[in-house]
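Encoded as structure tokens, the structure appears first; notes follow it.
Just so you know, all these numbers are worked out from the coordinates, no wet-lab data involved. No experiment lies behind these values; they were computed from the predicted model shown. Cβ placement follows ideal geometry from the backbone for every residue including glycine, while neighbour counts extend to all protein chains displayed.
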């Protein structure tokens, strides 16, 4: 059981708080009930404020707390929702939360901020020299206040070590699903998404992995290439021919792809293949050799080495940890 603690502040957006809590609370429950499967729930989700008092959200919506920040000294994930109030005032009123966030970070907890909630992460000093994003409307204020943060407001999701940021409401839900995948695998996150109808407008079958965050950009040609790669990742792909297919020189193709996604085309393709392999391993069918070939690698030794480099586990170790019973 993993403990998730959500920090509530006055003038927070109630939908963000309740939305992210719903995603984690329904995981392993709603989908399983609809498919006559045993309950498979792994999260204890708690909502706290600095003093344990109820918070008054935007629109005069009052939300009851489970306790104060001092009531929860251990957590696997700290979530900071966005707020509509003045950032300077909000930080001052919740100053006690800053060392609390930093302590959890230093103890190894994952920390995630949504939109303006990212101010709390920067104020705690855990974003220094790290990639981050926030709401576009506060970009200049954020840059001026935290010049040592590597802010990329054009991205809706960033992940740097155990610190995660989302820049908008849609990205907020996606980031929650990414955390589900991080803890319990692709299939667990996908089932939660389907039960919540979060993926109704998504067309990728390789959803809710960190590669998805690379699609939050505005280069339509690169988006088209990413969609093509998602459909053809298992084929033998020559990047020079792919550039020509989309009417680009190889040099232009690599430059634009890296600028839009933060990854080289080769690294992105490898990520897609490994995510597909993870899903197959979770389903428990097929040998490692067969799965290697199905995702585009004839050399099983190379596949196994790449898989461990990107996931931290061998294919066999990953299957043992995440296989669906």
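How much length is gained on full extension from residue 141 to residue 294, taking 0.36 nm per residue of separation minus their Cα-Cα distance?
50.3 nm
Using a 10 Å cut-off around each Cβ, can you sort 182, 319 from fewest to most neighbouring Cβ atoms?
Exposure proxy ranking, most exposed first: 182, 319.
Against the longest principal axis of the chain, how steep is helix 14-26, in degrees 0 to 90 to the nearest 10, with axes from Cα atoms?
50 degrees
State, as an integer percentage, the relative contact order of region 83-133 based on alpha-carbon contacts under 8 Å between residues 6 or more apart.
RCO, region 83-133: 37 percent.
With the cut-off at 1.5 for a/c, could you classify region 280-325 from its C-alpha gyration tensor as rounded, prolate or oblate?
Note, shape of region 280-325 comes out oblate.
If you compute Rg and Dmax of the Cα atoms in Å for the structure shown, which of (i) 22.9, 72; (ii) 20.0, 56; (iii) 20.5, 61 do you land on?
(iii)
Find the centroid of the Cα atoms in region 275-300 and in region 139-186, then give the distance between the two in whole Å.
Centre-to-centre (Cα) distance: 30 Å.
Rule-of-thumb check for region 139-191: C-alpha Rg over 2.2 N^0.38 Å?
Ratio of Rg to 2.2 N^0.38 Å for region 139-191: 1.34.
At a Förster radius of 41 Å, what calculated FRET efficiency corresponds to the Cβ-Cβ distance of residue 246 and residue 321, to the nearest 0.05?
That gives a FRET efficiency of 0.60.
Does region 217-325 come out rounded, prolate or oblate, given a ≥ b ≥ c as the square roots of the eigenvalues of its C-alpha gyration tensor, rounded meaning a/c under 1.5 and, failing that, prolate meaning a/b above b/c?
prolate
So in region 2-184, what percent of DSSP beta bridges are antiparallel if you round to the nearest 5?
30 percent
Compute the separation of the alpha-carbon centres of region 1-59 and region 62-110 and state it in Å as a whole number.
15 Å
Which order do peptides 10-17, 137-144 fall in by mean Cβ count within 10 Å, highest first?
Highest mean packing first, the order is 10-17, 137-144.
Quick check: pseudo-label points 7 Å beyond the Cα along Cα→Cβ at residue 128 and residue 71, how many nm apart are they?
Roughly 3.3 nm, to one decimal.
Mind checking which of 88, 231, 293 has the largest fluctuation in a GNM of the chain, springs on alpha carbons under 10 Å?
88
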